[in-house]
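Student: Take a look at the following structure, please.
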Amino acid sequence: MNVPDELKYTEAHEWVSPGPTVSIGVTDHAQEELTDVVFVELPEVGRALKSGEAVAVVESVKAASDVYAPVAGKVVEVNSKVEDDPSLVNTDAYGEGWLFKLELDDPGAVEALMDAQAYREHISSA
């Protein structure tokens, strides 16, 4: 299972890149559980998000899954490539398969998320 050390993670299987503006996507574990992703619905640019708010949908041949905002902030960019080619979530979850970028309300909020080791333990105990 691919769990990059430089990212932070949520119990709902979202990943967050470091930085004042963060990229957010679903983890390799999540895309593997979903199987073939066929549709992605992304938030609108400019939308203000609260931590824990359902913000996007990833749909596979198996199920539809909400994606939650791991931290509060404003959507500053969405990845239109995944709307055109949802399989990018499966083939490159941490690269081309990112979903949206967020300008954080509180840059320190990311530190409260799980690190890679904690996330590995979370998915191995599930």
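Student: Do we have any residue at all in the range 87-95 that's among the aliphatic types (A, V, I, L, M), more than 12 Å from the chain's Cα centre (by Cα) and under 17 Å from Glu32 (Cβ atoms)?
Tutor: Looking only at the range 87-95, we keep the residues that are among the aliphatic types (A, V, I, L, M), and these are 88-89, 93.
Still in the list and also more than 12 Å from the chain's Cα centre (by Cα): 88.
Restricting the remaining residues to those that are under 17 Å from Glu32 (Cβ atoms) gives 88.
Scanning the range 87-95, I find at least one residue that is among the aliphatic types (A, V, I, L, M), more than 12 Å from the chain's Cα centre (by Cα) and under 17 Å from Glu32 (Cβ atoms), so the answer is yes.
Student: Continuing with this model, one more query. State yes or no: is Ile123 touching a residue at least 40 places away in the same chain (Cβ under 8 Å) and assigned to a strand (DSSP E or B)? Don't jump to the end; show me each part of the working.
Tutor: Numbers: touching a residue at least 40 places away in the same chain (Cβ under 8 Å): yes; assigned to a strand (DSSP E or B): no.
Spelling it out, it is not the case that Ile123 is touching a residue at least 40 places away in the same chain (Cβ under 8 Å) and assigned to a strand (DSSP E or B).
Student: How many residues does the range 17-33 hold that are free of Cβ contacts under 8 Å to residues at least 40 places away in the same chain and crowded, with 21+ Cβ neighbours inside 10 Å?
Tutor: Matching residues across the range 17-33 total 0.
Student: A further question follows. Identify, please: which residue in the range 57-86 is closer than 14 Å to Thr27 by Cα and among the small types (Gly, Ala, Ser) and is, among those, nearest to the chain's Cα centre (by Cα)?
Tutor: Within the range 57-86, the match that is nearest to the chain's Cα centre (by Cα) is Ala69.
Student: Taking the range 95-121, which residues are more than 25 Å from Lys50 (Cβ to Cβ) and touching a Leu at 6+ places or on another chain (Cβ under 9 Å)?
Tutor: Those that are more than 25 Å from Lys50 (Cβ to Cβ) and touching a Leu at 6+ places or on another chain (Cβ under 9 Å): Gly95, Glu96, Ala116.
Student: Would you check which residues across the range 103-120 are surrounded by 12 or more Cβ atoms within 10 Å (Cβ to Cβ) and free of Cβ contacts under 8 Å to residues at least 40 places away in the same chain and list them? Give the derivation first.
Tutor: Of the residues in the range 103-120, the ones surrounded by 12 or more Cβ atoms within 10 Å (Cβ to Cβ) are 103-107, 109-110, 113-116, 118-120.
Asp105, Asp106 - these are the residues of the range 103-120 that are surrounded by 12 or more Cβ atoms within 10 Å (Cβ to Cβ) and free of Cβ contacts under 8 Å to residues at least 40 places away in the same chain.
Yes/no per residue for (1) modelled with pLDDT of 95 or more; (2) of a type outside the set (Gly, Ala, Ser); (3) loosely packed, with under 14 Cβ neighbours inside 10 Å:
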site: Glu41; (1), (2), (3): yes, yes, no
site: Glu44; (1), (2), (3): yes, yes, yes
site: Ala56; (1), (2), (3): yes, no, no
site: Glu59; (1), (2), (3): yes, yes, no
site: Ala72; (1), (2), (3): yes, no, no
site: Asp85; (1), (2), (3): yes, yes, no
site: Thr91; (1), (2), (3): yes, yes, yes
site: Tyr94; (1), (2), (3): yes, yes, no
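The values are calculated or read from the model by the stated rules, or taken from the named source; none is laboratory data. Remember, predicted model here, so these are calculated numbers, not experimental data. Reconstructed Cβ throughout: ideal geometry from the backbone, glycine too, with neighbour counts over all protein chains shown.
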